[in-house]
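Only one structure is covered here, and it is reproduced in the block below.
The values are calculated or read from the model by the stated rules, or taken from the named source; none is laboratory data. The model shown is predicted, which means the values in this text are computed figures rather than measured ones. Note: ideal-geometry Cβ built from the backbone for every residue, glycine included; neighbour counts use all protein chains shown. These accessible areas exclude ligands, DNA and RNA; they are computed on the full protein's heavy atoms, side chains included. Shrake-Rupley method; radii C 1.70, N 1.55, O 1.52, S 1.80 Å.
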Amino acid sequence: MEGVKDTDTKRRRLGPEQRRAQLIDLGMRMLAQRPLDQISVEDIADEAGVSRGLLFHYFSSKHEFHVELVRHISRDMLECTAPDEALEPFDMLRGTIVAYADYVTERRATYVSMLRGSASGDPDMREVFEDTRTAMVERTLRYLPDIEIEAGPAVRLAVHGWVAFVEDITIAWLRDPVIDRDQFIELAVGALPAVTYAAVGLGETARAGSVAPKDEPARLA
């Protein structure tokens, strides 16, 4: 495969951690050219200059190798979309979404195949996806107090919903970009304050109901 082979690395004897990292790196580079389920053990072993049996010394199966690739790309995505704390809160949010849009656009086939392909039904893959979503939720909640939103149960649930919403519209947009990139970013950015402020209002309504006179039912705002 042109552009993937690393003949210099093939010639050098690598330690276990270096070899494992090399195999992951080759898999990541292949992911830029083909879906996850089309990355074979044979191709990876050939590009790394090792036997198939040696590859299984580092990964117990093709499935484990694929899970490690997904875990690696998930960590990479989180790092590439990390909030810039030097910015104001809403600029920080926009910057994160811009970085996210660029990241998934550059890896369109990979992203869609991971989240909607055969990998999406695998329990180990789903665990990685859920860990990534949880990390996105937690880092979003961490910055909400900067816009005077406290992360109570309703807000936490709303942020979970926002992460799922962004993921879902991303898949739809990558498959069929019916709006342009800037519109997609505005949609994703605007949805977060919409759902979190709604959740805050829900909390205020619940508190009002808890202190309403017994002979007067609480009214929705």
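If you check Glu64, Glu79 for being under 27 Å from Pro16 (Cα atoms), under 13 Å from the mean Cα position of the chain (by Cα) and surrounded by fewer than 14 Cβ atoms within 10 Å (Cβ to Cβ), only one passes: Glu79.
Can you tell me which residue within the range 30-50, out of those that are in contact (Cβ under 8 Å) with a residue 24 or more places away in the chain and among the hydrophobic types (A, V, I, L, M, F, W, C), is nearest to Met114 (Cα to Cα)?
The residue in question is Leu36.
Here Ile44 fits the description: buried (at least 18 other Cβ atoms within 10 Å of the Cβ) and over 24 Å from Ala164 (Cβ atoms). When Val112 is tested against (1) among the hydrophobic types (A, V, I, L, M, F, W, C); (2) more than 16 Å from Ala188 (Cα to Cα); (3) modelled with pLDDT of 95 or more, exactly one condition is not met: (3). Just the residues that are at pLDDT below 80, of a type in the set (A, V, I, L, M, F, W, C) and closer than 29 Å to Arg116 by Cβ, please, taken from the range 2-29. Across the range 2-29, the qualifying residue is only Val4. Would the range 120-135 turn up any residue that is without any contact (Cβ under 8 Å) to a residue 24 or more places away in the chain and of a type in the set (A, V, I, L, M)? No, the range 120-135 contains no residue that is without any contact (Cβ under 8 Å) to a residue 24 or more places away in the chain and of a type in the set (A, V, I, L, M). Of all the listed residues (Ala212, Ala191, Ala199, Ala221), the sole one being part of a helix (DSSP H, G or I), at pLDDT below 95 and either open to solvent by 90 Å² or more (accessible area, probe 1.4 Å) or within 27 Å of Gly152 (Cα to Cα) (or both) is Ala199. Scanning the range 88-116 for residues that are open to solvent by 70 Å² or more (accessible area, probe 1.4 Å) and more than 20 Å from Pro35 (Cβ to Cβ) yields Glu88, Phe90, Asp91, Arg94. Sub-8 Å Cβ pairs linking a first residue in the range 185-203 that is without any contact (Cβ under 8 Å) to a residue 40 or more places away in the chain and on the phi < 0 side of the Ramachandran plot to a second residue that is outside any helix (DSSP H, G or I) and open to solvent by 40 Å² or more (accessible area, probe 1.4 Å), at least 6 apart or interchain, are Leu187/Ile179; Gly201/Ala221, ordered by first then second residue.
Would you point out the residue of the range 175-188, among those that are at pLDDT 95 or above and within 19 Å of the chain's Cα centre (by Cα), that is farthest from Tyr143 (Cα to Cα)? The residue in question is Arg181. When the residues of the range 118-174 are filtered to those that are open to solvent by 20 Å² or more (accessible area, probe 1.4 Å) and outside any helix (DSSP H, G or I), which remaining residue is modelled with the lowest pLDDT? Only one residue fits best here, namely Asp122. Checked against the criterion of being on the phi > 0 side of the Ramachandran plot and modelled with pLDDT under 85, the range 38-55 has at least one qualifying residue.
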